[in-house]
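Written out below as structure tokens is the structure these notes cover.
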């Protein structure tokens, strides 16, 4: 029997085959899960529907996570088709391009609200709407990044939004724990995705991560997908309110020897 056989869930945020959301969905599907997919509008439908159909999805719907009525419609359809859900994956984040460069202090009010609404508040809204159709022992998890804890160049308002997401996760874990539902986050390291290309200097970030990581490599999409499988499955029944770091150990290291040498040389040549 496969690990996720008989398990039914919903994933928000799959957009292409080169993203973390897809890597997680693929691991869940191969483990036997039945997955419902959402996409953000007609343009994304052309990308997402074929991927969802490859995984035999029974529910494939448009959903703007900033609109609660659309979340409600998706949840209602999932309840109609599946009855109850065993897992929900929140893999949605967005910030205006101009807010992912330059100075954080110049973030606009509208840019702040957009990043917070899509990237953080949507988790609260989704949890509120799926609460009553989650099976006891169910799992909800979201994707975050170390930029929530440390300053990362050009991550700016997204780092603040991820910090809000992580704090929200802990409060949601307290609320939903009473119903036996777990809520967690995966903090993936720098990994090559189409979304990451929107971050200026991302190639340098990859090189820095390799130099710092105890495993001396960058994390892969497969690594993160497996972590998602762990959190969605019954292997993680005692884990809630946690951030699971999948970054080859980068979060645990202040600076590698290589980085310190680079810094020392730059100071010496200044």
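The values are calculated or read from the model by the stated rules, or taken from the named source; none is laboratory data. Just so it is clear, the structure is predicted and the values come from calculations on it, not from any experiment. Positions of Cβ are backbone-derived with ideal geometry, glycine not excepted, and every protein chain shown enters the neighbour counts.
Structure notes:
- Selection status of residue 25, part of a helix (DSSP H, G or I) and buried (at least 21 other Cβ atoms within 10 Å of the Cβ): yes
- Residue 164 more than 24 Å from residue 234 (Cα to Cα), in a helix (DSSP H, G or I) and at pLDDT 95 or above: yes
- Selection of segment 62-113 for residues being part of a strand (DSSP E or B) and surrounded by fewer than 17 Cβ atoms within 10 Å (Cβ to Cβ) yields only 62.
- Residue in segment 152-161 that is in contact with a strand residue (DSSP E or B) (Cβ under 9 Å, 6 or more places away or on another chain), surrounded by 15 or more Cβ atoms within 10 Å (Cβ to Cβ) and touching a residue at least 40 places away in the same chain (Cβ under 8 Å) present: no
- Filter pass, residue 173 being in a strand (DSSP E or B), closer than 21 Å to residue 228 by Cα and in contact with a strand residue (DSSP E or B) (Cβ under 7 Å, 6 or more places away or on another chain): no
- Every residue from segment 23-59 that is in contact (Cβ under 8 Å) with a residue 40 or more places away in the chain and within 21 Å of residue 230 (Cα to Cα): 23, 24, 25, 26, 27, 28, 31, 33, 34, 36
- Per-region count, segment 119-151, residues surrounded by fewer than 21 Cβ atoms within 10 Å (Cβ to Cβ) and in a loop (DSSP other than H, G, I, E, B): 3
- Residues of segment 212-238 that are part of a helix (DSSP H, G or I), surrounded by fewer than 18 Cβ atoms within 10 Å (Cβ to Cβ) and out of contact with any strand residue (DSSP E or B) (no Cβ under 8 Å at 6 or more places or on another chain): 222, 226, 235.
- Residue 116 meets the conditions (1) part of a helix (DSSP H, G or I); (2) surrounded by 16 or more Cβ atoms within 10 Å (Cβ to Cβ); (3) out of contact with any helix residue (DSSP H, G or I) (no Cβ under 6 Å at 6 or more places or on another chain) in every case but one. The failed one is (3).
- Looking across segment 41-56, the residues that are surrounded by fewer than 22 Cβ atoms within 10 Å (Cβ to Cβ) and in contact with a strand residue (DSSP E or B) (Cβ under 7 Å, 6 or more places away or on another chain) come down to 41, 45, 49, 55.
- Selection of segment 33-83 for residues being farther than 25 Å from residue 94 by Cβ and within 21 Å of the chain's Cα centre (by Cα) yields 33, 34.
- Yes/no for residue 6 being closer than 16 Å to residue 230 by Cβ, free of Cβ contacts under 8 Å to residues at least 60 places away in the same chain, over 15 Å from the mean Cα position of the chain (by Cα) and loosely packed, with under 15 Cβ neighbours inside 10 Å: no
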